[in-house]
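**Q** Sending over a structure as structure tokens; questions will come in a sec.
The values are calculated or read from the model by the stated rules, or taken from the named source; none is laboratory data. These numbers were taken from a predicted model, which means no experiment stands behind them. Don't worry about glycine lacking a Cβ; one is built from the backbone with ideal geometry, like all the others, and counts go over all protein chains shown.
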Amino acid sequence: MKLSELADRLGATLTGGDGGTEVTGVAGIEEAGPGEVTFVANPKYAALARTTGAAAVIVEPGFGETTVPTLRVANPYLAFARAIECFYQPPVYAPGIHPSAVVAASAKLGKDIHISPYVVISEDVVIGDGAVLLPHVVVYPGVTVGDRFFAHAHAVVREHCRLGDDVVLQNGAIVGADGFGFAKGPGGRWVKIVQSGPAVLEDAVEVQANACIDRASIGETRISAGAKIDNLVQVGHGSTVGENTLLCAQVGLAGSTTIGNNVILAGQVGVAGHLTVGDGAIATAQTGIPSDVAPGAVVSGYPAMDNREWLRMVTALKRVPELLRKLRGMEK
């Protein structure tokens, strides 16, 4: 692909170079070589843009001069993501149902669907147009799925769950497994509470590998449009996750948690149940959240506190050994 063509596809302005240069791929700024395009979105890599061997660098419009051509665009990271799409060719799955798949007679399948070997689609399932279900995907009875569903191998959708359009389930994702609900019975034994409510995934939700979205005891568990759920995330029964929210790896939500829109919970954040995290809030990695978080807040640590306060505390904690030595010296 010519560099000028790539610029047009990305909506970028090409400066300082020959639009006829042939581009063959993309790479990180430290590894990129001739024929490859890279990007700078983080200021810590700005100096590398002036020494890279790449054919061109995707940068913001105000970025300084470099020794290689630049593709200037408002959002370099997004442009780089789109550049990857220009060169990476994912597998293409032709419409059809493999003979080893089991599809119930009462299931209703849309047009142009690909059903791989050993897929199981149960009674009264409805799946829209353009779906791809890869090997060993299982869809339980009564599930409704919209158009362009993509389920990677070993994903499971449990009974009566509802999925919108453009939902992606990565390998081993489980939608609608039983919530963790038990009541103490006679003799101290735990009695299982039936988890009767479905999990609902709205449009453009992606659930990544081995994440679990539990069904509710009553009502529903809902993942709102555009939310992205990373690997090994646990969403407890009856929880609600807002639009365009990110739950990063190993986040855990206890039951009946409400997460607002455009929230980011970084890796290993834990959230106690029956609380609300407001719109636009951010929790940094390994934060423990035992109570409500205000909209727009940035919190860290356990128990969760204002990020700036937490940073001051961490800085002060590093001085504790020195202060103890001074204190012991004063005592002597």
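**Q** If a residue must be at pLDDT below 90 and surrounded by 14 or more Cβ atoms within 10 Å (Cβ to Cβ), how many such residues does the stretch 306-332 contain?
**A** Total meeting the criteria: 0.
**Q** What are the residues in the stretch 55-86 that are part of a loop (DSSP other than H, G, I, E, B) and within 27 Å of the chain's Cα centre (by Cα), if any?
**A** Hits for the stretch 55-86 are Glu60, Val73, Ala74, Asn75.
**Q** Just a yes or no: is a residue in the stretch 141-161 touching a Ser or Thr at 6+ places or on another chain (Cβ under 7 Å) and over 21 Å from Ala225 (Cβ atoms)?
**A** Scanning the stretch 141-161 turns up at least one residue that is touching a Ser or Thr at 6+ places or on another chain (Cβ under 7 Å) and over 21 Å from Ala225 (Cβ atoms).
**Q** I'd like to know if the stretch 272-287 contains one or more residues that are on the phi > 0 side of the Ramachandran plot, in contact with a Leu (Cβ under 7 Å, 6 or more places away or on another chain) and not hydroxyl-bearing (Ser, Thr, Tyr).
**A** Looking for residues that are on the phi > 0 side of the Ramachandran plot, in contact with a Leu (Cβ under 7 Å, 6 or more places away or on another chain) and not hydroxyl-bearing (Ser, Thr, Tyr), one finds none in the stretch 272-287, hence no.
**Q** Take Ala209 and tell me if it is assigned by TED's automatic domain parsing to the domain that holds Val271, within 16 Å of Val145 (Cβ to Cβ) and crowded, with 16+ Cβ neighbours inside 10 Å.
**A** No, not satisfied.
**Q** Restricting the stretch 36-81 to residues that are loosely packed, with under 14 Cβ neighbours inside 10 Å and small (Gly, Ala, Ser), which is nearest to Arg9 (Cα to Cα)?
**A** Ala81
**Q** Here is a further query. So which residues in the stretch 277-305 are surrounded by fewer than 16 Cβ atoms within 10 Å (Cβ to Cβ) and either outside the structural domain of Ala227 (by TED's automatic domain parsing) or among the hydroxyl-bearing types (Ser, Thr, Tyr) (or both), if there are any at all?
**A** Those that are surrounded by fewer than 16 Cβ atoms within 10 Å (Cβ to Cβ) and either outside the structural domain of Ala227 (by TED's automatic domain parsing) or among the hydroxyl-bearing types (Ser, Thr, Tyr) (or both): Ser291, Tyr302.
**Q** Just checking, does the stretch 182-191 include any residue being under 22 Å from Gly242 (Cβ atoms), out of contact with any Cys (no Cβ under 6 Å at 6 or more places or on another chain) and modelled with pLDDT of 95 or more?
**A** No, that holds for no residue.
**Q** Look through the stretch 82-126, keep the residues that are over 18 Å from Gln170 (Cβ atoms) and in contact with a Phe, Trp or Tyr (Cβ under 6 Å, 6 or more places away or on another chain), and return whichever of them is surrounded by the fewest Cβ atoms within 10 Å (Cβ to Cβ).
**A** Across the stretch 82-126, the extreme among qualifying residues is Ser100.
**Q** Do you know which residues across the stretch 1-17 are assigned to a loop (DSSP other than H, G, I, E, B), within 17 Å of Thr66 (Cα to Cα) and touching a helix residue (DSSP H, G or I) at 6+ places or on another chain (Cβ under 7 Å)?
**A** Ala12, Gly17
**Q** A further question follows. Check Arg222 against each of (1) part of a strand (DSSP E or B); (2) in contact with a Leu (Cβ under 7 Å, 6 or more places away or on another chain); (3) of a type outside the set (Asp, Glu) and name the one condition it does not meet.
**A** (2)
**Q** Of all residues in the stretch 36-54, which are assigned to a loop (DSSP other than H, G, I, E, B), closer than 17 Å to Arg82 by Cα and modelled with pLDDT of 90 or more?
**A** Val40
**Q** If you go through the stretch 317-328 one residue at a time, do you hit one that is part of a loop (DSSP other than H, G, I, E, B) and in contact (Cβ under 8 Å) with a residue 40 or more places away in the chain?
**A** Scanning the stretch 317-328, I find no residue that is part of a loop (DSSP other than H, G, I, E, B) and in contact (Cβ under 8 Å) with a residue 40 or more places away in the chain, so the answer is no.
**Q** May I ask you to say which residue of Asn244, Asn210, Asn231, Asn262 is over 30 Å from His114 (Cα atoms) and within 13 Å of the chain's Cα centre (by Cα)?
**A** Asn262
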